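Taking it in order: structure first as structure tokens, then the write-up.
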Amino acid sequence: LTQMLKELPSDVHVHTTIEKMIFLIHNINKLDRDTAIVGFTALATLILLRKLKHILVPKYKLIQYLPEILIVVLTSTWLSYLLDFQSHNIDVVGLVSLDGFELKNPFSNNVRQWWGEMFPIAFVCAILGFFETSTAAHSIGSNLEMPVSNNRELFSIGACGIVVSTFGALTSFGGYARSKLNAMIGGKSPLSGFFMGLTTL
């Protein structure tokens, strides 16, 4: 339905969740069957695995560490390779090329033209990211009696944003799920976050 969205008249807006639901209902018969099967199967699997976790955790404590999102991503990737999703007209990331990868100066003159357009979006992302990071830190920190500094969190997010922007990457923030898992497995110092970063890298 992406192509249909692009071809809509300029006076028709499909931005909010309700507008998207209405658009989907009106065009349900034009869905790409294979893409819909993959999408809805992945969603159903996520919901099912999460429900199973809640049911089984009282009996089997270790099951709370089951990474259901990672399982769905790995299974989807394997199935994409096995069944050749691209040949069925299902969009996939495909090969990631590093050609032309270079360090960029985000403050250079040739990108200044985008500052006005990008600033409101960047500002909202930064505020939302700060709230998520701060909420996670306070929620988990209070359980572990760890000191949490909002100023330090904000400085860390800002420094991270500036560094990753030189690679043309998106900034990242602290998340409740990662912080909770870190606390559950006994992480007590910033070194646990450092090793998580290394593992991700």
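Looking at the structure I just gave you, is Gly100 assigned to a loop (DSSP other than H, G, I, E, B) and open to solvent by less than 80 Å² (accessible area, probe 1.4 Å)?
Yes; evaluated as a whole, the condition is true for this residue.
If you go through segment 104-119 one residue at a time, do you hit one that is out of contact with any Gly (no Cβ under 8 Å at 6 or more places or on another chain) and touching a residue at least 60 places away in the same chain (Cβ under 8 Å)?
Looking through segment 104-119, at least one residue is out of contact with any Gly (no Cβ under 8 Å at 6 or more places or on another chain) and touching a residue at least 60 places away in the same chain (Cβ under 8 Å).
I'm checking my understanding of the structure. Among residues of segment 28-51 that are closer than 17 Å to Leu70 by Cβ and either at pLDDT below 90 or open to solvent by 100 Å² or more (accessible area, probe 1.4 Å) (or both), which one is nearest to the chain's Cα centre (by Cα)?
Arg50
Condition (residue is of a type in the set (Val, Ile, Thr), closer than 30 Å to Lys61 by Cα, assigned to a helix (DSSP H, G or I) and open to solvent by 50 Å² or more (accessible area, probe 1.4 Å)) applied to segment 133-143: is it met by at least one residue?
Within segment 133-143 (the criterion being of a type in the set (Val, Ile, Thr), closer than 30 Å to Lys61 by Cα, assigned to a helix (DSSP H, G or I) and open to solvent by 50 Å² or more (accessible area, probe 1.4 Å)), the answer is yes, since at least one residue qualifies.
Just checking, how many residues over segment 75-97 are loosely packed, with under 12 Cβ neighbours inside 10 Å and at negative phi?
Of the residues in that region, 10 qualify.
Of all residues in segment 20-49, count the ones that are in contact with a helix residue (DSSP H, G or I) (Cβ under 6 Å, 6 or more places away or on another chain) and not acidic (Asp, Glu).
Looking only at that region, the number is 4.
Does at least one position in segment 7-25 carry a residue that is out of contact with any Pro (no Cβ under 8 Å at 6 or more places or on another chain) and closer than 24 Å to Ser87 by Cα?
no
Any residue at all in segment 47-63 that's out of contact with any His (no Cβ under 8 Å at 6 or more places or on another chain) and either of a type in the set (Asp, Glu) or touching a residue at least 24 places away in the same chain (Cβ under 8 Å) (or both)?
Among the residues of segment 47-63, not one is out of contact with any His (no Cβ under 8 Å at 6 or more places or on another chain) and either of a type in the set (Asp, Glu) or touching a residue at least 24 places away in the same chain (Cβ under 8 Å) (or both), which makes the answer no.
Which members of segment 52-74 meet the condition of being within 20 Å of Val92 (Cβ to Cβ) and open to solvent by less than 90 Å² (accessible area, probe 1.4 Å)?
Correct list: Ile71, Val72, Val73.
So, of the residues in segment 150-167 that are of a type in the set (Val, Ile, Thr) and in contact (Cβ under 8 Å) with a residue 24 or more places away in the chain, which turns out to be surrounded by the most Cβ atoms within 10 Å (Cβ to Cβ)?
Per the stated criteria, the residue is Ile157.
Name the residue, out of Lys59, Lys53, that is part of a helix (DSSP H, G or I) and of a type in the set (Lys, Arg).
Among Lys59, Lys53, only Lys53 is part of a helix (DSSP H, G or I) and of a type in the set (Lys, Arg).
Working only within segment 1-27, note down all residues that are open to solvent by less than 100 Å² (accessible area, probe 1.4 Å) and outside any helix (DSSP H, G or I).
Leu1, Leu8, Pro9, Val12, Val14, Thr16, Asn27
Go through segment 168-179 residue by residue and tally those that are open to solvent by 90 Å² or more (accessible area, probe 1.4 Å) and aromatic (Phe, Trp, Tyr).
Within segment 168-179, residues that are open to solvent by 90 Å² or more (accessible area, probe 1.4 Å) and aromatic (Phe, Trp, Tyr) number 1.
Does Leu201 fit the bill of being out of contact with any helix residue (DSSP H, G or I) (no Cβ under 9 Å at 6 or more places or on another chain), at pLDDT 75 or above and loosely packed, with under 11 Cβ neighbours inside 10 Å?
yes
The values are calculated or read from the model by the stated rules, or taken from the named source; none is laboratory data. In this text, all values refer to a predicted model and were calculated from it rather than measured experimentally. Reconstructed Cβ throughout: ideal geometry from the backbone, glycine too, with neighbour counts over all protein chains shown. Calculation scope for accessible area: heavy atoms of the full protein, side chains included, ligands and nucleic acids excluded. Shrake-Rupley method; radii C 1.70, N 1.55, O 1.52, S 1.80 Å.
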